[in-house]
Amino acid sequence: MTTGIAPDLARRLAKRRSRRKLWAHLPLALVALLTIFPFYVMVILSTQNGQAISLPGSLFPVHFNLSAYLAAIQGGDVMRWALNTLIYAGVSVVLVLTFASFAAYAFAKKRFFGKTVLFWTFIAMLMVPYQLTLIPQFILVAKLGGIDTYWGLIVPTLANAQALFLMRQFISQVPDELIDAGRIDGAGEFRTFVQIVLPQTKPILATLGVFVFLWHWNDFLWPLVETRSPDHYVMTVGLYSLEAQNISLAITMAAAVITFLPIFFLYLVLQRYFIRSVAITGLK
Amino acid sequence: MRLRYAAALLAAGTLALVAACSSGNGISSSGGAISSSTDPNSLSGTVTMWIYPIAPTGEAADWKPRVAAFEKLYPHVKVNVVVQPWANRDEQLETAIAGGKGPDVVYLIPDQIPNYANSGSLENVGSLVSSDKSDFYPNALNALTYNGSLYGVPLLMQATTLLANKNVMKAAGITQIPTTWSQMLADGPALKAKGFYLTEYDAAPDQTLNETFYPLLWQAGGQVLSANGKQAAFNSSAGVTALGFLQTLVKDGYVPKDPLTVDPTPDTDPINQGKVAFVMTGDVASLTPTAQVPLSAWAVGKPLSSGTSGGKVISYGTVGGLSILSQSQNKAAAAAWVSWVTSTAQIKSYDSTHDYFSPRKSVGTLFSPSTLIGQEEEMLPYVTQGSINLDSRQIISDLAAKLQGAILNDTNPQQALNSAATETNQLLSRSS
Amino acid sequence: MSERATHMPHGRETSLEAPGRRPLPSGGEGGEGGEGDKGGDAAVGVAAAGPRHPAITQAWQRMRRNGTGMALVFIAPYVVLFFVFRIGPAAAGMVLSFGSYSINGTTHWEGLSNFHALFTDPLFWTSLRVTVVYTIIAVPLTVVVSLGMALLCTRSIRGIKVYRALYFLPVITSLVTSSVIWQWIYSSNGPANWFFESIGLGAVPWLSSNSMVLPSLSLMSVWTRFGFDMLILLAGLLAIPKEYTEAAMIDGASAWQTFWRVTLPQLRPALFFVVVLELIQSFQVFDVIYVMTRGGPGDASYSLVYLIYDQGFNFFNFGYASAAGVVLFAITLVVSLWQRWVFRGDGT
């Protein structure tokens, strides 16, 4: 990496690096602790159903019970709701990434009329709060006959401006030489995109994919409004439909843990992939 | 040529708007007023009812046998009971109505009736109770009435009253449950000395004043609005007394601090930690027993009165009713369902299993007076639903914020109330 | 300090004279250049040989030459979906600001009366102030923390992967869940105060004081968002070729100078993305307020979107709510465009 530098400079750099390493651990660990603490709270409190919460006892309890979990899912078809949510989130991720990356490629690498205005119109739509669009969007889907259907749930969420924005930023950094090299070899636009450009964006695709999946997994209001029958509920809506008005924090936390766990496992599996990929990008 | 995009934008938007407006949302007046007496065999269709988890668990399961029984009586009618989450239910219902996809029947509380009725979304159900109107408590019917028409048939009633934690009283050496504010304040020092709170007040701005400030206002003999409903009346001397009472509670440290800004959940609530002696507007049904405070620790007392001149023994109690949406395509069948669900026998079985009280006199007492909830049932005559109008929610919202400010910052009560009254009067004059 | 360090080639320049290629003019675009286009539309290679109808081949070649045809195909699905499901409802929602709307479908044209009512409503100005103050606190805080953590995470320290994974955890939690947990953490008998009291600092009125509530909400918001922004910035940092920073160090630049003159400019695209997204999020702050304070204490956390929600779904004043939404939209747009100028383009 570094070409011949003077030995004392090399020493300076090495000393700087090792000092920095120690310094770095402290804030890293501190922030990590602060980051995890609320999760610790969530899990611990979910085991304290029937107990009034006080400190420090409730955070370092001696007794645990899982009655909150039972209460959170009792009478509901959680497996079905999980399946519905999986379909909602899974299909959405695939389609969002597909549409966004195709469009982002065009925005990043191609010239066409009205590009900037169009792009900024998309970003501008992020600036309209959902409270204004909820009813018109619902009426639209209703008129198209999509209420209480999977497609009615999924399709309105597919045009994701954040995904487009992010993909465009990263695709624009893919060197043009690579793309041209593909064209020289006679690849058509489609192949160039799929075989050359997309692999370059793997890390951001993975990151974005996780993020879009999460957003759909945790979505409450749109599924609440769009679905009509309990066997079409998604997890969030279903779990809330079991909660009476005055329920304990423990039950709320239990429902939160139930919703959180699948994502957490998915995240554990995927994060190794995309964090590694992010690192690989840097070594280029 | 940028105009091309602007035009496309406008077109899309206009299209959506026109689509929204044009065919309305399927409002059809299916011939005539709904009547409650029709031949069961002539009715057909599917009735969808939206209700919420009123029972702590298993609300959906509760309705299955009822639906089965009804469908036996009305062989061509199918009933679909959907239990929706409490969370964001107004957004859900309003959106559904706007898109023409609402249910046929929905459970509403008095607070919601004016806005939905005013938008023409609810059907007048007066004819459903006309035959046995006298069997309903007038309070219950009034609570679901707007502009002279009835928009919901009462299904359940709730009462709040003074609840006392016997263990805390004993620990501080208090032997009598107070009946007036001054009596209660007199117990303050003894409780404080032992590390307890006299009572609790939830001042968070989203907390409905019906269960916090309004009962105090009424107990002092005051009213929220004038008799004709066009002027604020809460800045009267009764209001000042009530606010002053609250400020005293806060100043003297008789109430816990957290609930003044954030609604407590049952397990974080100092009440359930056994730290609070008296709950001024407590409801036995919504008590959450904890290991620290089991149900047996509680005793039921009469609602407080201010003890000043004009003071009243009074408290709040809501009503829950079933409404029929105007856009329903099955109004006759929906009417039959609502009538049946709110008949004496059905109310008796529903309310007794959900810890609520009956809006019908013919049901009689539901709970034994040896139980806490039975004792609370005896307080039903002291309970009012307040008066609801189109602006009630906004008045509450504005007033709650101002009250919280006055309580936290100990500002002059008359001034605080006057400033809130000015705002309210402006609001009222705008909408009339 | 070498000039080289600040004028990096972006990999944009293409060679039109690569051996073995028949150079074709890359012309025919309608004039809209836009950023990120310098040479981006390089000449298209020759189509594979084969007997074809000459006219079709010519048209095909022309379209491929333009690049426009394919571009349109690539963006078509996204654009259609967007216009129908995003722009349509948004336009409808905003057009409502010029009238009144009732959920039974009746609308009424009322011109600017909603805006007039809005601008004479003290609560509107309060909510505007609350939103602006919140944004001023939350956005810089989030960006600085994210950048700082990203820089730390570039170190090849043992366990860095675990740290990175941990920091992303709050992002995968729903905002409502986080708000409920933090509400308890911030309560006057909650862990935050318990900790402060045990180290002798005394309890803090996190959510109960007018002056503390917005900072407290911002802090919590940073917790929920910094992981995502950090990852974006990290990807951006790792994409900076090491030669540049090393060249700077060879030239004797200090760590700070290296960061400021070398790293930061390279990070512009990623930074711009993060800043704009955070701005949009902050201006629309609602969920945390809805769960944690409901606009309180008093009106101290009554944000603009909270006003929109209140007026629309609680009081059924959809026209009025829509007017507030239009104002919010305008403000956000203006500020974002200003950011584009600050960052000198969106960095591509």
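Laboratory data are not the source of any read-out in this text; all were calculated from the coordinates shown. Just so it is clear, the model here is predicted, and its values are computed rather than measured. A quick note on method: Cβ atoms are made from the backbone with ideal geometry, for glycine too, and the neighbour counts reach across all protein chains shown.
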Problem - Order of C:Trp256, A:Trp81 - criterion: other Cβ atoms within 10 Å of each residue's Cβ, fewest first - result: C:Trp256, A:Trp81
Exercise for the section: Work out the mean other chain Cβ neighbour count within 10 Å for the residues of C:303-313 and drop it here as an integer. Expected result: 4
Handout entry: Order of C:Phe168, C:Phe119, A:Phe138 - criterion: other Cβ atoms within 10 Å of each residue's Cβ, fewest first
Key = C:Phe119, C:Phe168, A:Phe138
Handout entry: Residues whose placed amide H lies under 5 Å from that of B:Leu225, excluding near-sequence neighbours
Key = B:Ala233
Practice task
List the residues of the stretch A:231-258 whose backbone N lies under 11 Å from a point placed 7 Å from the Cα of A:His63 along the Cα-to-Cβ direction.
Solution key: none
Exercise for the section: List C:Tyr167, A:Tyr40, B:Tyr107 from most exposed to least, where exposure is judged by having the fewest other Cβ atoms within 10 Å. Expected result: A:Tyr40, B:Tyr107, C:Tyr167
Practice task
Run the numbers on chain B and let me know its relative contact order in percent, using alpha-carbon pairs under 8 Å that are six or more apart.
Solution key: 25
Handout entry: Relative contact order [Cα under 8 Å, 6+ residues apart], chain A, whole percent
Key = 32
Handout entry: Burial order of peptide ranges A:252-259, B:402-409 (average beta-carbon count within 10 Å, highest first)
Key = A:252-259, B:402-409
Handout entry: At least 30 Å along the helix axis (C-alpha) and Kyte average at least 1.6, DSSP helices within chain A
Key = A:249-282
Problem - Theoretical gain in end-to-end length, B:Lys230 to B:Gln415 [0.36 nm per residue, Cα-Cα removed] - result: 64.6 nm
Completion exercise
Sorted by chain and number, the residues with a modelled amide H under 5 Å from that of B:Val81, at a separation of 5 or more or across chains, are B:Met49
Problem - HN-Hα J in Hz across the stretch B:389-405 - Karplus 6.51, -1.76, 1.60, θ = phi - 60°, x for Gly and Pro - result: 9, 4, 9, 3, 4, 5, 4, 4, 4, 5, 5, 4, 5, 5, 4, 4, x
Completion exercise
In the stretch A:77-241, taking the dipole from +1 charges on Lys and Arg beta carbons and -1 charges on Asp and Glu beta carbons about the Cα centre, the listed residue (A:Gly146, A:Phe213, A:Gln162) farthest towards the positive end is A:Gln162
Exercise for the section: Mind checking which lysines have their Cα closer than 23 Å to the Cα of A:Lys109? Skip sequence neighbours fewer than 8 apart in that chain. Expected result: A:Lys202, A:Lys284, C:Lys38
Completion exercise
Each residue of B:102-114 has, on average, a number of other protein chain C-beta atoms within 10 Å of its C-beta equal to 0
Fill in the blank from the handout: Mean per-residue count of partner chain Cβ within 10 Å for C:194-205 equals 1
Problem - Cross-link pairs beyond the 21 Å C-alpha cut-off, checked among B:Lys251/B:Lys402; B:Lys251/B:Lys275; B:Lys64/B:Lys361; B:Lys72/B:Lys331 - result: B:Lys64/B:Lys361
Exercise for the section: Measure nothing fancy, just the Cα-based angle from helix B:413-431's long axis to the longest principal axis of chain B, in degrees from 0 to 90, nearest 10. Expected result: 10
Exercise for the section: Report the one residue of C:Tyr163, C:Ala138, C:Ala270 whose Cα lies farthest in the direction of the positive end of the charge dipole of the stretch C:114-342 (charges on C-beta: Lys and Arg +1, Asp and Glu -1; origin at the Cα centre). Expected result: C:Tyr163
